[in-house]
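My questions all concern the structure below.
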Amino acid sequence: MTRQFCHVGSRTIAYLDSAPGDTSLRPYVLLHAFPLGANMWEPQMRRIPSGWRLITPDLRGFGGSTELDSLAALSVGDYADDIADLLEELSVDRAVIGGLSMGGYAALALVQSRPEMVEALILADTRAGADTPEARANRRNMLAIVDREGPSGVALEMMPRLLGKTTLETNPTAEATVRRLIKQQSPVAIRGAIHRMMHRPDSTPLLAGINVPTLVIAGAEDVLTPVAEAERIAGAIAGATLTIIPDAGHLSNLEQPEAFNDALASFFARL
């Protein structure tokens, strides 16, 4: 699993690809959470359903992808543009698009701007609504932490809420992995992501119009986007499948990879 690079104008988009250049396979794209990178999908890279090709981009500024210099006019739509540009560069017309947490916001932004590219949808541990005033205040606090303490301060602040109670009590390896993934990211990427998330639009009105197969996943112990959020999303999208993963928090793909991979495999088997 080597990192690939695609150049679009003055931007570089880095991504992991399970089968570079193999157009015989059906592509699916998984978009990472904040403040991690494409490497968070390693457990999914290790188990690709037969006939499929997994592409996981580093969103703008994260991993090996470049961020713009200016923090003016940042939008979660920037992430959707990067996904669309990457898929066009790879000659992929349509793909299954999935995202976890912030990656879910990016997936919904792509549904909004380029619905024709979305063959099916996976929304994991995410929410459709915009930030509440309280959530925006928390994001401003996080900006202050980035400026003061950098990515390691962000990791320290977020860790108790990123992982579920069971993981924190029984799986120290997961905590070490997540901490390492956060510390690898640049303050610029983290700051840009916070601004984009703070000002993202409410995607709730979009849900009723989604007419592609959709899988909604939630960790049973997720405190950042509780199960009720997943139930709301699944209830608003006609025919959506809801899977609750026991003993997992916000990063359900890393905390309970087998259960997460099982959910993907059964979803793909029906497509």
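Mind checking which residues of region 140-192 are outside any helix (DSSP H, G or I) and within 25 Å of P246 (Cβ to Cβ)?
L163, G164, N171
Read through the list (1) open to solvent by 10 Å² or more (accessible area, probe 1.4 Å); (2) within 19 Å of the chain's Cα centre (by Cα); (3) more than 15 Å from T225 (Cβ to Cβ), then give the number of the only condition that G129 fails.
Every condition holds for G129 apart from (3).
Right, next: Out of all the residues in region 30-40, which are open to solvent by 10 Å² or more (accessible area, probe 1.4 Å) and part of a loop (DSSP other than H, G, I, E, B)?
Scanning region 30-40 gives a single hit, F34.
Would a scan of region 221-232 turn up a residue that is among the acidic types (D, E), open to solvent by 50 Å² or more (accessible area, probe 1.4 Å) and under 24 Å from E67 (Cβ atoms)?
So far as region 221-232 goes, no, none of its residues is among the acidic types (D, E), open to solvent by 50 Å² or more (accessible area, probe 1.4 Å) and under 24 Å from E67 (Cβ atoms).
Scanning for something polar (S, T, N, Q) and either without any contact (Cβ under 8 Å) to a residue 40 or more places away in the chain or open to solvent by less than 10 Å² (accessible area, probe 1.4 Å) (or both), does region 239-246 turn up at least one residue?
There is at least one residue in region 239-246 that is polar (S, T, N, Q) and either without any contact (Cβ under 8 Å) to a residue 40 or more places away in the chain or open to solvent by less than 10 Å² (accessible area, probe 1.4 Å) (or both).
Another one. Only one of (1) at pLDDT 95 or above; (2) over 13 Å from the mean Cα position of the chain (by Cα); (3) among the small types (G, A, S); (4) closer than 20 Å to A189 by Cβ is not met by S113, so which one is it?
Failing condition for S113: (4).
Considering (1) surrounded by fewer than 22 Cβ atoms within 10 Å (Cβ to Cβ); (2) in contact (Cβ under 8 Å) with a residue 24 or more places away in the chain; (3) outside any strand (DSSP E or B), say which one A137 fails and leave the rest.
Of (1) surrounded by fewer than 22 Cβ atoms within 10 Å (Cβ to Cβ); (2) in contact (Cβ under 8 Å) with a residue 24 or more places away in the chain; (3) outside any strand (DSSP E or B), only one is false for A137: (2).
Any idea which of P43, P27 is closer than 27 Å to L162 by Cα, open to solvent by 10 Å² or more (accessible area, probe 1.4 Å) and at pLDDT 95 or above?
Every option except P43 fails the conditions.
Let me ask something additional. Return the residue satisfying two criteria in turn: it lies in region 83-100 and is out of contact with any Cys (no Cβ under 6 Å at 6 or more places or on another chain) and open to solvent by 10 Å² or more (accessible area, probe 1.4 Å), and of such residues it is nearest to D58 (Cα to Cα).
For region 83-100, the residue satisfying everything is D85.
Of all the helices (runs of 4 or more DSSP H) wholly in region 215-271, which have at least 3 residues that are modelled with pLDDT of 95 or more and of a type in the set (A, V, I, L, M, F, W, C)?
It comes to 227-236, 257-270.
Identify the residue in region 168-190 that is in contact with a helix residue (DSSP H, G or I) (Cβ under 6 Å, 6 or more places away or on another chain) and open to solvent by 60 Å² or more (accessible area, probe 1.4 Å) and, among all such residues, is nearest to S75 (Cα to Cα).
K183
The values are calculated or read from the model by the stated rules, or taken from the named source; none is laboratory data. All figures in this text were calculated on a predicted structure; none of them were measured in a lab. As a convention, Cβ positions derive from the backbone with ideal geometry for all residues, glycine included, and neighbour counts pool all protein chains shown. All accessible areas refer to the heavy atoms of the entire protein, side chains included, with ligands and DNA or RNA removed. Shrake-Rupley method; radii C 1.70, N 1.55, O 1.52, S 1.80 Å.
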